Amino acid sequence: MTGNRRNVNDTPIARAPQARAPDGGGEPAEVLSVVIPVFNEHQTLEEFHRRLVAVLADIHYQIEILYVDDGSRDASLEILRSLRQKDSRITLIELSRNFGKEAAMTAGLDYAVGDAVLRATADGLRSAVRRDDLAARLGGDEFGLLLPGLAADHAAGVVERIRSSIHAAIVEAGLPATTCSVGYATSSQQPYVAASAALQRAKQSGRDRIAAAS
């Protein structure tokens, strides 16, 4: 990892066994990875995990639970280690200090083996984009779209249609509640930077929405 995250070789990771097909075959089963950043939450962790397990019991995927301890200074890490001893689906990632929720989430996504949400997202994109549009995964749970020839006054409607298509595909796949936020830019001046800033605004405004670059 780079930037404000630890190098992969320095990060202690307790990895859950890779999920396999229910019949014991050699091909990995489709996996749903749940990433949970943790920072000084020892008072609620055990109850949170109990409720999470209850929700996941109705999900028809192999499950991987990734807890990312973001430099907790309380007993959170000890509790997470104890939970992992009891639940083999848990992967525990320990960061050396508090890097913040977004960085911790990204670290978890970097190690996640699950692709159920990614597959559903790709299905939603495939049904919504035009033949000449370009879609690519940027990393983690972020995708980038290039929509050539799209008029600026039509952008909001097209982007919302794409977001709705992704949301519908996730619901159809029977996945847990998952939000889809989109930031977009119509200017040719640093469009990626502008769209990324708009995406952050969409997330901060409540998620599951679109936001235009200012």
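The values are calculated or read from the model by the stated rules, or taken from the named source; none is laboratory data. A quick note: this is a predicted structure, and the numbers were derived from the prediction, not measured. In this analysis, Cβ positions are derived from the backbone assuming ideal geometry, glycine residues included, and neighbour counts consider all displayed protein chains.
If you go through region 159-194 and keep only what is free of Cβ contacts under 8 Å to residues at least 60 places away in the same chain, outside any helix (DSSP H, G or I), under 14 Å from Ala120 (Cβ atoms) and of a type outside the set (A, V, I, L, M), you end up with Thr179, Cys180. When region 182-202 is filtered for residues that are farther than 16 Å from Leu146 by Cα and either at pLDDT below 90 or polar (S, T, N, Q) (or both), only Gln200 remains. The selection criterion, being of a type in the set (Ser, Thr, Tyr) and either within 19 Å of the chain's Cα centre (by Cα) or modelled with pLDDT under 90 (or both), does not hold for Thr44.
Give region 143-158 a look and list any residue that's assigned to a strand (DSSP E or B) and surrounded by 15 or more Cβ atoms within 10 Å (Cβ to Cβ), or say none.
Hits for region 143-158 are Phe143, Leu145.
Does Leu66 qualify as being within 14 Å of the chain's Cα centre (by Cα) and either under 30 Å from Glu172 (Cβ atoms) or without any contact (Cβ under 8 Å) to a residue 40 or more places away in the chain (or both)? For Leu66, the condition - within 14 Å of the chain's Cα centre (by Cα) and either under 30 Å from Glu172 (Cβ atoms) or without any contact (Cβ under 8 Å) to a residue 40 or more places away in the chain (or both) - is met. For region 77-99, the tally of residues that are in contact with a strand residue (DSSP E or B) (Cβ under 7 Å, 6 or more places away or on another chain) and either in the same structural domain as Gln204 (by TED's automatic domain parsing) or touching a residue at least 60 places away in the same chain (Cβ under 8 Å) (or both) stands at 10.
Restricting Arg137, Arg119, Arg130, Arg163 to residues that are in contact with a Leu (Cβ under 9 Å, 6 or more places away or on another chain), basic (Lys, Arg) and surrounded by 12 or more Cβ atoms within 10 Å (Cβ to Cβ) narrows the list to Arg137.
Scanning region 59-89 for residues that are within 26 Å of Lys203 (Cβ to Cβ) and of a type in the set (A, V, I, L, M, F, W, C), we see that the one that is modelled with the lowest pLDDT is Ile59. Here Asp123, Asp110 are screened, and the one residue that is of a type outside the set (A, V, I, L, M), in a helix (DSSP H, G or I) and in contact with an Asp or Glu (Cβ under 9 Å, 6 or more places away or on another chain) is Asp123.
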